[in-house]
1. Is one or more of the residues making up region 64-75 at pLDDT below 60, touching an Asp or Glu at 6+ places or on another chain (Cβ under 6 Å) and surrounded by 17 or more Cβ atoms within 10 Å (Cβ to Cβ)?
2. Residue by residue through region 140-163, note down the ones that are open to solvent by 10 Å² or more (accessible area, probe 1.4 Å) and within 20 Å of the chain's Cα centre (by Cα).
3. Only one of Y119, Y84, Y94 is out of contact with any helix residue (DSSP H, G or I) (no Cβ under 9 Å at 6 or more places or on another chain) and touching a residue at least 60 places away in the same chain (Cβ under 8 Å); which?
4. Within region 295-330, how many residues turn out to be modelled with pLDDT of 85 or more, exposed (fewer than 13 other Cβ atoms within 10 Å of the Cβ) and closer than 22 Å to R169 by Cα?
5. Is it the case that region 142-151 has a residue that's touching a Lys or Arg at 6+ places or on another chain (Cβ under 6 Å) and among the basic types (K, R)?
6. Which of the residues spanning region 102-119 are open to solvent by less than 30 Å² (accessible area, probe 1.4 Å) and either under 26 Å from D270 (Cα atoms) or assigned to a helix (DSSP H, G or I) (or both)?
7. Among (1) closer than 19 Å to G272 by Cβ; (2) surrounded by fewer than 22 Cβ atoms within 10 Å (Cβ to Cβ), where does T219 come up short?
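The values are calculated or read from the model by the stated rules, or taken from the named source; none is laboratory data. These numbers come from a predicted model, not from an experiment. Positions of Cβ are generated from backbone atoms using ideal geometry, with glycine treated the same way; all protein chains shown enter the neighbour counts. When the accessible area is computed, the model is the full protein with side chains, heavy atoms only, and any ligands, DNA or RNA have been set aside. Shrake-Rupley method; radii C 1.70, N 1.55, O 1.52, S 1.80 Å.
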Amino acid sequence: MSYKVLTRYLLQKSPSVQTQCRSKVIMTPGETLHEYLQNGRVPSGKIYAKNPAIVKEKLISIAKGGSNQLQVITDFDYTMTKAYHDGKRGLTCYGIVEQSSVVTQEFRDETRRLLHQYYPIEVDPHMTPKEKIPLMLEWYNGAHEALKKCDIYKKDFETMVQEADIHFRDGLDIFVDLTFRMNIPFLVFSAGTGDIIDACLAQYDLKRPNVHTISNFATFAPDGKLIGYEKTLIHMFNKNEHAIAATSYFGDIKHRSNVIVMGDALGDADMGEGVHQPGTILKIGFLNDKGREGSKSMKVADSIEERLPIFLEAFDLVLTDDQTFNIPLEILSTVTSD
């Protein structure tokens, strides 16, 4: 859909419909994004926007800028991958490592202990990022030290992914192919394990020349043995483009001022910060559930309904319990070069 067609589509609506818009709007199941933005209906559904008018303005601006002005920045765990599949919780990067046959039981015990200690802190809506950051550093460094004790080699990461039951969101492959064909940079920006992410992308044929990964990558000895991790540690609360300002990737995308940002945690909303001469940044949040499940002893954050207001403050669109890439794909399909 061209910019002119999109503009007419979004703006042709009656005054009576305009008055139906609320500060928090919900999209009906089966209703397309553009229909939702056009008619402003407010029945039950799974797509929320605090300010639909701002969303419209951003969609029009992104469509007007076209593919040459656009870049995509997305989280990996539970954003590119499904949070649930067939009723079962999906695996994170660290979960893929933990369930593999190449790590020890001591490693599993230690990482689960760290998870129970630090995950409730990560998702606690009552703590500030400043309060969380030193504790997140303790968590990540502890997990990395535990992995170093397992005698892991570079080739083992491919084995870990081959053994894992991984499910990407429906439509993600089409989205990635479309960014490649339109020459739109696609940045996977993750606080997880970069070696696992790249192995996943390669195994599931999602690694394209326009797809780049910025994450926590291991360092290896000449014989391939894991000996540590790169110096700059990426965690949930420093994920923004300031962290990649010195990389060659940053130079390649400096002229692209429009950004689609996608993530499943509040820290992901800031991934567009640091964009050179920022233009329009559309933030899409996947609010999957209240947090990890499993042990009754591990207290997690509040329910989806209780977390929704703070997600609406951080993201332009919030998708609840949506295991597809349909909405990002629909948005991207409106972007053309004309």
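1. Applying the first criterion (at pLDDT below 60) to region 64-75 yields none.
No, region 64-75 has no match at all.
2. Selection gives Y140 alone.
3. Values: Y119 fails: out of contact with any helix residue (DSSP H, G or I) (no Cβ under 9 Å at 6 or more places or on another chain); Y94 fails: out of contact with any helix residue (DSSP H, G or I) (no Cβ under 9 Å at 6 or more places or on another chain).
After ruling out the rest, the residue left standing is Y84.
4. 0
5. Just the residues of region 142-151 that are touching a Lys or Arg at 6+ places or on another chain (Cβ under 6 Å), to begin with: none.
The answer is no, given that none of the residues of region 142-151 is touching a Lys or Arg at 6+ places or on another chain (Cβ under 6 Å) and among the basic types (K, R).
6. Here is the first cut: in region 102-119, the ones open to solvent by less than 30 Å² (accessible area, probe 1.4 Å) are 103, 107, 111, 114, 118-119.
F107, T111, L114, Y118, Y119 - these are the residues of region 102-119 that are open to solvent by less than 30 Å² (accessible area, probe 1.4 Å) and either under 26 Å from D270 (Cα atoms) or assigned to a helix (DSSP H, G or I) (or both).
7. (1)
Residue-wise test of (1) modelled with pLDDT under 90; (2) open to solvent by less than 10 Å² (accessible area, probe 1.4 Å); (3) not in a helix (DSSP H, G or I).
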site	(1), (2), (3)
V5	yes, no, no
L10	yes, yes, no
C21	yes, no, yes
G30	yes, no, yes
L37	yes, yes, no
A53	yes, no, no
V97	no, yes, no
S100	no, yes, yes
